[in-house]
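To start, the structure under review is shown below, and the notes come after it.
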Amino acid sequence: MSPAAGARAASAGKRSSPRTAASTAGSGAPKRSGKGTRARAAVPAFRSAEDVGRTDLGPRPVPPLGAAGRVRRPTVKHADLDSGLHVVAVRVPRTPLVEVRLRVPFGGRNAVHAARAELLAATVLLGSSTRTREEVDAELATVGGHLDANVDPQRLSVTGSVLSTGLGTLLDVLADCLLDPAYRRADVRGERDRLVQHLLIGATQPATIAHQALQRRRFGDHPAALDIPEPELVAAVTPAAVAGLHRRAVVPAGSTLVLVGDLSPARAIDMVASALGGWTSENRATLLKTPPAVAPGAVLLHARAGVVQSQVRLSAAAPTRDEPDYPALQLANLIYGGYFSSRLVENIREAKGYTYSARSSLEFWPGRAALTVAFDTATEATAPALLEARYELGRISLQAPTAAEVDAARNYALGTLATSLATQAGLASTLSMLAGLGLDEKWLAGHPGRLGAVTVDEVAAAAGRVLAPSAFTGVVVGDPDQVAAPLQALGGVELADGSQAIESTGTERT
C-alpha cells in the first residue's frame, strides 16, 4: 500500500471509530465538520415501536380509517353431479381468468397411506395413457393454464388457473389425469427419489423437527399427526401402490370443485358435468377421522445437543369456526400474538429482543381446532422467553383487553379478510377450505358482521376459556445442557421420554 493510500485508510478508520460516533451523539444538534459537510446524527442502538412512530414534531399522524366500501356479492351457483361431486361456480369477472380448486377428502389410517399419498400428489398430473407429461404441460400452456397437486392428512388438492377462454381445455386435461392417470414407472421412481431427498433434507431443519414433535405431543398416533411422511416409507412406494390408492381414494363422491372467475356459473357447471361425467366410483372420499382435542399438559423438552437456538411451540384446544365464540376468540388471538402489534410480539421481540418472529394462530381439522404459539429463540433466552409467553397468556386470560386493543384487532381482522377475498385466487382457496369444514359462502358473507358485533367482554371471556396457561401443552427443542435446568425451574416442563434426544439429522436416539 502506498503512503497516500495508507493515510486515506487511516483517516477513514478514524471517522468511523466508536469514539468519534460517541462524541457526535453527545453533542446534541448536528454539527458541520470540515468543508460544510453536515455530520450525521447517531442512530440509537435500539428503538421501540413507540420510538419508531415518533418524529421531532411528535407522533407520526395515522390517517383515520374510512368507512368500508360496499362489496357486491358475486353470483354463486351450487350443483351436485350424479357422481357425487359437488361443484361451486362463482362469477367474479375482474380479470379474464378462472381459478380452479378440487378438494378430495383424503383421510388415512397410518404412515403408509401418508407416504403413498405424498407420492400420488407428486405424480397424478404427470400424464395419462394418451398424454405424456410434456403434452400435459404444453396443452395447458397453450391456454395460459397450469395445474398443481398437493396433499395433507385432510385432503388431496388440485389447484390451477387458466384464461377464461381455456377453461374447457383445462377441465379436459384434469379429467384425463383423474380418470386415466399414467403413473409411468420412470416418472414415479424419479419423483420418489426426489421426494425422499427433499424429506431427508427437511428432517434436519429445526422448524420441521419442532413441528413433528408438536404433532406427536398433540395427537399421538392419530393420522392428523402424519403430515410429513417418513422418507424410508416413501422410498418403498411402488407405482402399483400409487395407482391402487388412486383407484380407491381419488373419487368424486364427497369431493368439491370450486371455480371462481370470469365465467357464467351455469355454463361452467355444464362444462364440468361434461368433462368429468365419466369420473365415477362406488367409493366415497374418506374424511379424516376427528382428531382428539388438544389436552393440557407439561411442555416436553426434546434434546438437540449443541444447537444455538431453541424452538418453542405451545398449543391448546380452541372452538371451531362454526361455534358461537369463534369470532371473539379470533380477536383474542390477534391481541395475544396473532399480528405484529400483538402483546407477545411487543414483549419478547420489541421490548426484550428474545426472538425475531413470534406468532400465534388458529388451526383446524374436521370437528376440531387448536390455538398454537410459535417462536424460535437463542438458547440462553429459551426459559425467559417461555416465561414471558406464559405471562402474556395469563395476562390476557385474567385481565380484559382494552377497547382500543379490541378495535385494532377487529380492524385488522376485517382488513385482512377483505384483502384475502379481493382476488379470484384468494376467494377460490377460501371457499375450498370452507367446503372442507362444511361451510360455504353464506358463512363467509356473515363473518364481518359477527366480528363487528363482538364486545370487549366477549373477547375477555373467550380469552379466559382458551388462553389460560393451564390449558396449554407443547414442546421445546433445544440443547438440554443449556436449557433443561432453567426450563424445569419454571415448572411444567419435562424431558421427553426420559432420555430421548434428537440428533441433528432429525432422528431420535435413546
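The values are calculated or read from the model by the stated rules, or taken from the named source; none is laboratory data. This one's a predicted model, so the numbers in the text were calculated from it and none came from an experiment. Backbone-built Cβ (ideal geometry, glycine too); neighbour counts: all protein chains shown. SASA here: full protein model, heavy atoms, side chains in, ligands and nucleic acids out. Shrake-Rupley method; radii C 1.70, N 1.55, O 1.52, S 1.80 Å.
Label point of Lys77 set 7 angstrom out along Cα-Cβ; within region 158-199, no amide nitrogen lies under 12 Å from it.
Here's how it looks for Leu97: its modeled amide H is under 5 Å from those of Ser164, Asp262, which are all 5 or more places away or on a different chain. Listed values for region 168-185 are Karplus-derived 3J(HN,Hα) couplings in whole Hz (6.51 cos²θ - 1.76 cosθ + 1.60, θ = phi - 60°), namely x, 5, 4, 5, 5, 5, 4, 4, 4, 6, 7, 8, 9, x, 7, 6, 5, 4, and x replaces Gly and Pro.
Residues whose amide H lies under 5 Å from that of Arg54, counting only those 5 or more places away or on a different chain, are Arg60; hydrogens are built 1.01 Å from N in the peptide plane. In the complete set of protein chains, residue-level accessible area for Arg465 is approximately 140 Å², probe 1.4 angstrom.
I need the fraction of alpha carbon pairs in region 75-277 separated by more than 26 Å, rounded to a whole percent. Counting every Cα pair in region 75-277, those more than 26 Å apart make up 38 percent.
Shown in residue order for region 319-330 are the 3J(HN,Hα) couplings computed by the Karplus curve 6.51 cos²θ - 1.76 cosθ + 1.60 at θ = phi - 60°: x, 7, 4, 8, 8, x, 8, 4, x, 5, 5, 4 Hz (x for Gly and Pro). Once the Cα atoms are used to define both axes, helix 133-142 deviates from the longest principal axis of the chain by about 80 degrees.
3J(HN,Hα) couplings calculated from phi for region 301-307 with the Karplus curve 6.51 cos²θ - 1.76 cosθ + 1.60 (θ = phi - 60°) are, in sequence order, 8, 9, 6, 9, 4, x, 6 Hz; Gly and Pro show x. Residues whose amide H falls under 5 Å from that of Val493, counting only those 5 or more places apart or on a different chain, are Val299, with hydrogens built in the peptide plane.
With K and R counted +1 and D and E -1, the other residues having a Cβ less than 11 Å from that of Cys177 yield a net charge of -1. Using only Cα atoms, tell me the angle between helix 111-123 and the longest principal axis of the chain; keep it within 0 to 90° and round to the nearest 10. With rounding to tens, the tilt is 80 degrees. Expressed to the nearest 5 percent, the antiparallel share of DSSP beta bridges inside region 299-500 is 75 percent. The solvent-accessible area of Lys352, taken with every protein chain present and a 1.4 Å probe, is close to 90 Å². Counting only protein heavy atoms and using a 1.4 Å probe, what share of the accessible area of the chain belongs to carbon plus sulfur, as a whole percent? Taking all protein chains in place, the chain shows 54 percent carbon and sulfur surface.
Size check on the chain: the Cα extents along the three principal axes, sorted descending, read 81, 68, 59 Å. Rolling a 1.4 Å probe over the protein heavy atoms gives the chain an accessible area of 49 Å² per residue.
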